[in-house]
There are 2 protein chains.
Amino acid sequence: MNLAPEYKARLDEALEHSGQRSTKQREHIFSVLLEKRDHPTADEVYARAREGMPSISLATVYNCLETLIETSLIRQVNFEREPTRYCPNLTNHAHFYCRESGEIVDIELPDELIGQLMAVLPEGFSASHIDIAYDGKCNCCHD
Amino acid sequence: MNLAPEYKARLDEALEHSGQRSTKQREHIFSVLLEKRDHPTADEVYARAREGMPSISLATVYNCLETLIETSLIRQVNFEREPTRYCPNLTNHAHFYCRESGEIVDIELPDELIGQLMAVLPEGFSASHIDIAYDGKCNCCHD
DNA sequence: GCAATAATTAGAATAATTCTAAAAAAGGGC
DNA sequence: GCCCTTTTTTAGAATTATTCTAATTATTGC
């Protein structure tokens with residue numbers, strides 16, 4: 001429920017930078033995501049958010065998540081047609097989706113590998129972002 | 001509308017292998033995807049399929065696409081929450097999504113790069129598949 | 001503190017996809 | 001080729017995550 005001052009500052013700065021206002025709800029949603037660093041869906045964020053702010057609405061949760069994505073404070077993770085998940089880890093990383101447990105695990109990626117991926121793009125293509133999703137069985141789900 | 005014999009054989013074999021039947025509709029959907037090698041949505045596949053088979057239903061299009069994916073004859077491409085797209089290119093490749101034109105372009109990937117991506121997985125993780133999506137501006141959309 | 005603007009809210013609307021149950025088609029044995 | 005069983009197709013209803021709408025509330029700059 002409480003946003004550490006450094007994150008509060010980061011949030012406020014990012015919002016101001018994009019001409020948006022700082023609100024209790026945005027702060028709360030950001031703190032919810034930072035508190036448990038997994039990959040919750042909007043519904044899960046909503047459920048967690050209501051614990052500390054019972055009157056928040058689902059639409060606001062969607063709005064806040066959208067704002068946090070726009071301001072690059074969180075990332076969006078999509079796996080096939082499943083509900084979108086939200087991720088506060090901003091380092092270079094890929095997502096590993098375990099078909100068995102359904103869990104999503106962050107896989108840290110060396111900058112060099114990202115560079116190599118950028119390097120295979122044909123002339124004239126420029127990417128602002130690369131999304132990498134592994135799909136298989138995680139360590140907990142092996143015999 | 002016509003499926004080249006080699007593809008017909010591949011389809012029949014894949015279907016038999018998975019204990020499924022060969023049908024006019026499955027054959028037709030497969031041929032539609034092979035004819036124009038882009039990344040159509042289910043709706044677009046439906047529209048194209050009706051040209052040669054006006055009585056086909058949307059549910060069947062979805063069913064057939066599902067079957068073709070299960071039998072690894074085509075791939076599914078998801079970009080954020082947009083409608084799923086379908087891709088008959090089975091080589092190692094990533095997808096480049098152009099924010100400007102909305103176009104999806106196949107980016108061929110060296111096996112070695114896939115190997116490196118597999119190599120960064122922690123002990124105990126095994127991936128059957130890696131999905132790579134670039135997001136930026138394609139060569140046609142640069143100044 | 002006031003006006004102007006932006007954000008939140010509840011509930012309706014949307015859109016891709018899946019489900020359902022009935023009709024049609026395939027494949028195997030004769 | 002014909003019957004039987006199983007699978008597939010079909011039309012339309014249902015689902016579900018998400019977005020939209022319009023009214024209320026909060027925030028910011030003065």
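The values are calculated or read from the model by the stated rules, or taken from the named source; none is laboratory data. As the structure is a computational prediction, the values presented were derived from the model and not from experiment. Because the Cβ atoms are built from the backbone with ideal geometry, glycine has one as well, and the counts that use them run over all protein chains shown.
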Legend entry - Filtered residue count, the range B:66-77, keeping only those that are touching a Ser or Thr at 6+ places or on another chain (Cβ under 9 Å) and more than 16 Å from residue B:7 (Cβ to Cβ): 3
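Applying the selection to the range B:111-141, what residues are more than 18 Å from residue A:92 (Cα to Cα) and either hydrophobic (A, V, I, L, M, F, W, C) or in contact (Cβ under 8 Å) with a residue 12 or more places away in the chain (or both)? Spell out the reasoning first.
First, pick out the residues of the range B:111-141 that are more than 18 Å from residue A:92 (Cα to Cα): B:111-112, B:115, B:123-129, B:137-141.
Once the filter is applied, which keeps residues that are more than 18 Å from residue A:92 (Cα to Cα) and either hydrophobic (A, V, I, L, M, F, W, C) or in contact (Cβ under 8 Å) with a residue 12 or more places away in the chain (or both), the range B:111-141 yields B:111, B:125, B:127, B:137, B:138, B:140, B:141.
Checking the condition in contact with an Asp or Glu (Cβ under 7 Å, 6 or more places away or on another chain) and not aromatic (Phe, Trp, Tyr), which residue from B:55, B:22 passes? Even if it seems obvious, please write down each step before you answer.
Details: B:55 fails: in contact with an Asp or Glu (Cβ under 7 Å, 6 or more places away or on another chain).
Only one candidate qualifies: B:22.
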Inset, instruction - Return the only residue of A:42, A:49, A:119, A:59 being within 14 Å of DNA strand C (Cβ to nearest atom), loosely packed, with under 14 Cβ neighbours inside 10 Å, at pLDDT 95 or above and small (Gly, Ala, Ser). - result: A:59
Legend entry - Selected residue [touching a Leu at 6+ places or on another chain (Cβ under 6 Å) and more than 9 Å from DNA strand D (Cβ to nearest atom)] from A:9, A:49, A:14: A:14
Inset, instruction - Name every residue in the range A:17-39 that is exposed (fewer than 12 other Cβ atoms within 10 Å of the Cβ) and within 12 Å of DNA strand D (Cβ to nearest atom), in order of residue number. - result: A:19, A:21, A:24
Inset, instruction - Being away from DNA strand C (no atom under 14 Å from the Cβ) and within 11 Å of chain B (Cβ to nearest Cβ) is the filter here, so list the residues in the range A:73-91 that pass it. - result: A:76, A:77
Inset, instruction - Could you figure out which of (1) within 15 Å of the chain's Cα centre (by Cα); (2) farther than 29 Å from residue A:108 by Cβ isn't true of residue A:66? - result: (2)
Inset, instruction - Hey, can you tell me all the residues within the range B:1-39 that are under 16 Å from the mean Cα position of the chain (by Cα) and farther than 14 Å from residue B:69 by Cβ? - result: B:7, B:10, B:27, B:28, B:31, B:32, B:34, B:35, B:36, B:37, B:38
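Got a sec? Which strands (runs of 3 or more DSSP E) wholly within the range A:74-143 have at least 2 residues that are over 16 Å from the mean Cα position of the chain (by Cα)?
On the way: elements: A:75-77, A:85-87, A:93-98, A:104-108, A:126-137.
Because the criterion is at least 2 residues that are over 16 Å from the mean Cα position of the chain (by Cα), the strands (runs of 3 or more DSSP E) in the range A:74-143 that meet it are A:126-137.
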Legend entry - Meets criteria (loosely packed, with under 14 Cβ neighbours inside 10 Å and either more than 7 Å from chain B (Cβ to nearest Cβ) or among the hydrophobic types (A, V, I, L, M, F, W, C) (or both)) for residue A:128: no
